[in-house]
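Engineer: There's a structure below that I have some questions on.
The values are calculated or read from the model by the stated rules, or taken from the named source; none is laboratory data. The structure presented is a predicted model; accordingly, all values stated were derived computationally and were not measured. We place every Cβ from the backbone using ideal geometry, glycine too, and count neighbours over all the protein chains shown.
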Number of protein chains: 2
Amino acid sequence: MHCKLYNVGIIERKEREKAEMRRRIVDVAVKMIVEEGYEKVSIRNIADKIEYSPATIYLYYKDKDQLLYDVQTEAFATLAKDFLQKVTHTDPFKRLEQLAHAYLDFSRNHPELYDLMFIIKAPMNALVEKEKWENGDPAYDGLYHLMQECIDKKVVKFKDATIGTLSVWAFAHGFVSLHLRGRCSKVSGVSDEEMPAIMNEAIKEYLRMIKA
Amino acid sequence: MHCKLYNVGIIERKEREKAEMRRRIVDVAVKMIVEEGYEKVSIRNIADKIEYSPATIYLYYKDKDQLLYDVQTEAFATLAKDFLQKVTHTDPFKRLEQLAHAYLDFSRNHPELYDLMFIIKAPMNALVEKEKWENGDPAYDGLYHLMQECIDKKVVKFKDATIGTLSVWAFAHGFVSLHLRGRCSKVSGVSDEEMPAIMNEAIKEYLRMIKA
DNA sequence: CAAATATACTGAACAGTGTTTATTTTCCAA
DNA sequence: TTGGAAAATAAACACTGTTCAGTATATTTG
């Protein structure tokens, strides 16, 4: 007769080992994405580096999208760390300025991670029939509450926090993504070298304009 | 002795045929990208539809990136048509408003083309060691000159046309691309259905803010 | 401890991708 | 008609994500 297999201690250890394996997979994927670029991240390359067969990856992740979702989680964690360290001011509008510049800095320091977080489709495929994007939510929420505070204290022109939040985000993301995907330089004499300076200038001007 | 091969008429016909083949390739690629999505566009699928072998494509295009660059050219041509039809006002600021809304409309009517034009990396790889992005240039130039006119007539707050142009473009593109790549819905209760309305609202508010 | 079974892992294959090369077919000029 | 240039292709190469049958390892049971 088939009955209780494995005692509780072993089950716990197996779960721990499963989690550890997933960690190893995600860690090596993050390393590869940062050091060699997103395009070099393949199941086979990951398998090579952790010294397992490619098929083994599929015992820990349903597909590559799910794996990349966990890599994205990691990327958002490093962004959160940046924010926590750099967004310190007590004045809400100054905090908004710090946040915007921290966002731009992150995109420059970790362009491949930024790509995975905000541009690449793959990790979002892991969200089908899920209603929340847990990875992006904390960052969005942080900006949203900051925006709400700015509205409450009447330091910005926005009336609606959602529109204010999305507007600031879209403005920054628009610049970053056009630049990352090579659409800015090579149009009418805007070179790649001058882009960071122009972006900073534009963001400053935008913040000046939304200021109440 | 080896001497003048092919008379002039035949050479001309051959060149015409070469151009016609490229047309067929690009046309079918555009059709596929619109009807089946960018991901379904492969050299083999294109070859199937034009009834040639995959290797033949490489007699007319160095690689897929070069092919996609020509598809992008086509996409920009349809955007230009939209602009020409919809951006008609004599007042420069109203023309700016028309342009912004035409841009958003285009992204909704042709999301896959928008992707190829402004997000996907591949077509830009065709530009290595080229200093100008001929595809994007006319659209950028149009907005730039419009912006310059707005600045000259003091109907916008911008002082620098480059920053003004890039700012408006980045703002619109930021919204469109975040939405297209599924980053907007599924964050803190912003659903996919309400996004177009929010985007219109945000653009209107932005234009109000840049107005002098 | 040995046998039975549940779990972990992998080699090999499948179906795709972009691209190259050797070979064949088609076309044109002498 | 024949020699040679040009055009087209079949087949292969080196990748990709993914699946599955079969092997190896762990763990529980008799």
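Engineer: Can you name every residue in region B:105-123 that is without any contact (Cβ under 8 Å) to a residue 40 or more places away in the chain and either more than 23 Å from B:Ile203 (Cβ to Cβ) or in a loop (DSSP other than H, G, I, E, B) (or both)? Give the derivation first.
Structural biologist: Looking only at region B:105-123, we keep the residues that are without any contact (Cβ under 8 Å) to a residue 40 or more places away in the chain, and these are B:105-106, B:109, B:121.
Once the filter is applied, which keeps residues that are without any contact (Cβ under 8 Å) to a residue 40 or more places away in the chain and either more than 23 Å from B:Ile203 (Cβ to Cβ) or in a loop (DSSP other than H, G, I, E, B) (or both), region B:105-123 yields only B:Lys121.
Engineer: Within region B:127-139, how many residues are surrounded by fewer than 17 Cβ atoms within 10 Å (Cβ to Cβ) and part of a loop (DSSP other than H, G, I, E, B)? Spell out how you get there, then give the answer.
Structural biologist: Applying the first criterion (surrounded by fewer than 17 Cβ atoms within 10 Å (Cβ to Cβ)) to region B:127-139 yields B:128-132, B:134, B:137-138.
The next check asks that each one be part of a loop (DSSP other than H, G, I, E, B); those that pass are B:128-132, B:134.
Within region B:127-139, residues that are surrounded by fewer than 17 Cβ atoms within 10 Å (Cβ to Cβ) and part of a loop (DSSP other than H, G, I, E, B) number 6.
Engineer: Give me a count of the residues in region B:177-212 that are facing another protein chain (nearest Cβ under 7 Å) and more than 22 Å from A:Phe76 (Cα to Cα).
Structural biologist: So the answer is 7.
Engineer: Among the candidates B:Val41, B:Val87, B:Val30, which residue alone is under 30 Å from B:Tyr206 (Cβ atoms) and at pLDDT 95 or above?
Structural biologist: Values: B:Val41 fails: under 30 Å from B:Tyr206 (Cβ atoms); B:Val30 fails: under 30 Å from B:Tyr206 (Cβ atoms).
Residue meeting the stated conditions: B:Val87.
Engineer: A further question on this structure: When you go through (1) in contact (Cβ under 8 Å) with a residue 24 or more places away in the chain; (2) more than 15 Å from the chain's Cα centre (by Cα); (3) surrounded by fewer than 18 Cβ atoms within 10 Å (Cβ to Cβ) one by one for B:Gly142, which number turns out not to apply?
Structural biologist: Against the list (1) in contact (Cβ under 8 Å) with a residue 24 or more places away in the chain; (2) more than 15 Å from the chain's Cα centre (by Cα); (3) surrounded by fewer than 18 Cβ atoms within 10 Å (Cβ to Cβ), B:Gly142 comes up short only on (2).
Engineer: I've got another one for you. Identify the residue in region A:43-79 that is polar (S, T, N, Q) and within 16 Å of DNA strand C (Cβ to nearest atom) and, among all such residues, is nearest to A:Glu20 (Cα to Cα). Step through it out loud before you land on a result.
Structural biologist: Let us first name the residues in region A:43-79 that are polar (S, T, N, Q), namely A:45, A:53, A:56, A:66, A:72-73, A:78.
Retained after the next criterion (residues that are within 16 Å of DNA strand C (Cβ to nearest atom)): A:45, A:53, A:56.
On the way: A:Asn45: 19, A:Ser53: 17, A:Thr56: 14 Å.
For region A:43-79, the residue satisfying everything is A:Thr56.
Engineer: Let me ask you something else. How many of the residues in region A:82-99 are of a type outside the set (Asp, Glu) and either in a loop (DSSP other than H, G, I, E, B) or not assigned by TED's automatic domain parsing to the domain that holds A:Leu116 (or both)?
Structural biologist: Step one: list which residues in region A:82-99 are of a type outside the set (Asp, Glu), which gives A:83-90, A:92-96, A:98-99.
Restricting the remaining residues to those that are either in a loop (DSSP other than H, G, I, E, B) or not assigned by TED's automatic domain parsing to the domain that holds A:Leu116 (or both) gives A:87-90.
Within region A:82-99, residues that are of a type outside the set (Asp, Glu) and either in a loop (DSSP other than H, G, I, E, B) or not assigned by TED's automatic domain parsing to the domain that holds A:Leu116 (or both) number 4.
Engineer: Does A:Lys130 meet the test of being facing chain B (nearest Cβ under 8 Å) and at pLDDT below 95? Break it down stepwise before answering.
Structural biologist: Numbers: facing chain B (nearest Cβ under 8 Å): yes; at pLDDT below 95: yes.
So A:Lys130 passes the test.
Engineer: Looking at region B:152-176 only, could you name the residues that are at the interface with another protein chain (Cβ under 8 Å from one of its Cβ atoms) and in a helix (DSSP H, G or I)?
Structural biologist: B:Thr162, B:Ile163, B:Leu166, B:Ser167, B:Trp169, B:Ala170, B:Phe171, B:Ala172, B:His173, B:Gly174, B:Phe175
Engineer: Condition check: more than 16 Å from DNA strand D (Cβ to nearest atom), over 11 Å from the mean Cα position of the chain (by Cα) and more than 11 Å from chain A (Cβ to nearest Cβ). Does B:Lys31 satisfy that? Reasoning before the result, please.
Structural biologist: Numbers: more than 16 Å from DNA strand D (Cβ to nearest atom): yes; over 11 Å from the mean Cα position of the chain (by Cα): yes; more than 11 Å from chain A (Cβ to nearest Cβ): yes.
Judged against the criteria, B:Lys31 is a match.
Engineer: Only residues that are surrounded by 16 or more Cβ atoms within 10 Å (Cβ to Cβ) and of a type in the set (D, E, K, R): list them for region B:46-81, please.
Structural biologist: B:Lys64, B:Asp65, B:Asp70, B:Glu74
Engineer: On the basis of being facing chain B (nearest Cβ under 8 Å), surrounded by 15 or more Cβ atoms within 10 Å (Cβ to Cβ) and of a type in the set (A, V, I, L, M, F, W, C), does A:Met124 make the cut?
Structural biologist: For A:Met124, the condition - facing chain B (nearest Cβ under 8 Å), surrounded by 15 or more Cβ atoms within 10 Å (Cβ to Cβ) and of a type in the set (A, V, I, L, M, F, W, C) - is met.
Engineer: Within region B:135-151, count every residue that is facing chain A (nearest Cβ under 10 Å) and over 19 Å from B:Ala170 (Cα atoms).
Structural biologist: Residues in region B:135-151 being facing chain A (nearest Cβ under 10 Å) and over 19 Å from B:Ala170 (Cα atoms): 0 in total.
Engineer: Give the residues of region A:49-71 that are under 21 Å from A:Glu112 (Cα atoms) and of a type outside the set (A, V, I, L, M), sorted by residue number. Explain how you work it out, then say what you get.
Structural biologist: From region A:49-71, those under 21 Å from A:Glu112 (Cα atoms) are A:49, A:63-71; that's our starting set.
Those that are under 21 Å from A:Glu112 (Cα atoms) and of a type outside the set (A, V, I, L, M): A:Lys49, A:Asp63, A:Lys64, A:Asp65, A:Gln66, A:Tyr69, A:Asp70.
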